[in-house]
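Written below as structure tokens is the structure these notes are about.
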Amino acid sequence: MTRDKQLAAGAIALVLFGALAIKQMSDDAKIGSKAAQDAALPKLESTEGAEKITVTNGDKGEVVLEKKGEEWSLVKPVAAKANAQNVKLALENLKELKVRDRISANPDAELLKSYELDATKGVHVVVEKGGKALVDATFGKSGGRGQLLTVAGTQGIFAGTGFSSFLFTRDAKGWRDVEIAKFEEAKATGLHYVLGDRKLDFVSDGTTWAGAENGKGIDRFDAEKVKDAVRALQTLNADDFADGKSDADVGLDKPSGSLTIDLKEGSPIKLAIGSETPSKGRWVKREGAAIATALPSYAIDWLTPETSKFQKALPDAGK
């Protein structure tokens, strides 16, 4: 190899070495920057053992839930038994939350507002155990960058994944236990209605249903219709609560009727039937309950039935 070729090869090697060195330095810088970025991201603790949840949904008010023994209770804005499944889903969802990036290191009030992270729009969630906050974060807009959030104790706006806002933006009713009555179809042994001057009684011997109106057999009685009634009544959930209302306000000072459901085991379910709700449902009050609850319109078909609902259709006279 001539001297000129040797010099040219050396120059090329030097350029390549320099390029590789620059790339390595750049990669090292990126790794260092990523490490610094990861170190600056807030770390959210596990919600295991949570004892209190506070959710402030912008200017819509505050919801507070507390665990008492093994059960969750709603303590604000009203005192009531909590919907255990909805609480469980919310806590499990926070376990899926991952903070990925810092969007802004020093956001001002205007930026927080634009990202709906201010007090009027943000969803502020605090989960506590023993008085210590496991999670204290405010959630705002969600979009291409992910779920935007701020975390107490860490400066900046961050982007994360895994947060399901609908689990936290429920109104107070959405956090309440809505169960009015629940039983297994096979455990029902009797339905007893008092509807004005009509008394409907249906009794099962474990195999067959018998029916009577005011103590007399029902013409064209259809036992299958009683089974339909039992299936419809085996799960009754409220869609509203009579907080602040008296029995007279919901027609339960003088109930328009009642329904008693006998079961193979345990006490019977006794419901007093009140007036119609604004949404065409019915106010009802289970014996022993503190307040009345509203059954939605689609759930009251078998609550105040006409006798004809338990009868077979008349034969077609034209045939």
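The values are calculated or read from the model by the stated rules, or taken from the named source; none is laboratory data. Predicted model only: the values in this text are computed from it and were never measured. Glycine gets a Cβ as well: all are built from the backbone with ideal geometry, and neighbour counts include every protein chain shown.
Would you check which residues across the stretch 182-196 are in contact with a strand residue (DSSP E or B) (Cβ under 6 Å, 6 or more places away or on another chain) and either modelled with pLDDT under 95 or exposed (fewer than 14 other Cβ atoms within 10 Å of the Cβ) (or both) and list them?
Across the stretch 182-196, the qualifying residue is only Lys182.
Can you tell me which of Leu252, Leu263, Leu271 is in contact with a Lys or Arg (Cβ under 6 Å, 6 or more places away or on another chain), closer than 20 Å to Ala80 by Cα and either at pLDDT 95 or above or surrounded by 15 or more Cβ atoms within 10 Å (Cβ to Cβ) (or both)? Break it down into steps so the answer makes sense when it comes.
Details: Leu252 fails: closer than 20 Å to Ala80 by Cα; Leu263 fails: closer than 20 Å to Ala80 by Cα.
Within the list Leu252, Leu263, Leu271, the selection yields Leu271.
How many of the residues in the stretch 134-153 are in a strand (DSSP E or B), out of contact with any helix residue (DSSP H, G or I) (no Cβ under 9 Å at 6 or more places or on another chain) and modelled with pLDDT under 95?
Residues flagged as in a strand (DSSP E or B), out of contact with any helix residue (DSSP H, G or I) (no Cβ under 9 Å at 6 or more places or on another chain) and modelled with pLDDT under 95 within the stretch 134-153 amount to 2.
Yes/no matrix, rows are residues, columns are (1) of a type in the set (A, V, I, L, M); (2) free of Cβ contacts under 8 Å to residues at least 24 places away in the same chain; (3) surrounded by fewer than 17 Cβ atoms within 10 Å (Cβ to Cβ):
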{"site": "Lys113", "(1), (2), (3)": "no, yes, yes"}
{"site": "Val125", "(1), (2), (3)": "yes, no, no"}
{"site": "Asp136", "(1), (2), (3)": "no, yes, no"}
{"site": "Ser142", "(1), (2), (3)": "no, yes, no"}
{"site": "Phe158", "(1), (2), (3)": "no, no, no"}
{"site": "Lys173", "(1), (2), (3)": "no, no, yes"}
{"site": "Asp205", "(1), (2), (3)": "no, yes, yes"}
{"site": "Gly215", "(1), (2), (3)": "no, yes, yes"}
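What's the total number of residues in the stretch 238-260 that are touching a residue at least 60 places away in the same chain (Cβ under 8 Å) and out of contact with any Ser or Thr (no Cβ under 9 Å at 6 or more places or on another chain)? Before you say what the answer is, go through the steps one by one.
Let us first name the residues in the stretch 238-260 that are touching a residue at least 60 places away in the same chain (Cβ under 8 Å), namely 238-241, 243, 256-260.
Filter once more, keeping what is out of contact with any Ser or Thr (no Cβ under 9 Å at 6 or more places or on another chain): 243, 258, 260.
So the count comes out to 3.
Can you give me the ranges of the strands (runs of 3 or more DSSP E) entirely in the stretch 205-288 with at least 2 residues that are touching an Asp or Glu at 6+ places or on another chain (Cβ under 9 Å) and within 22 Å of Ala313 (Cα to Cα)?
Passing ranges, in order: 209-213.
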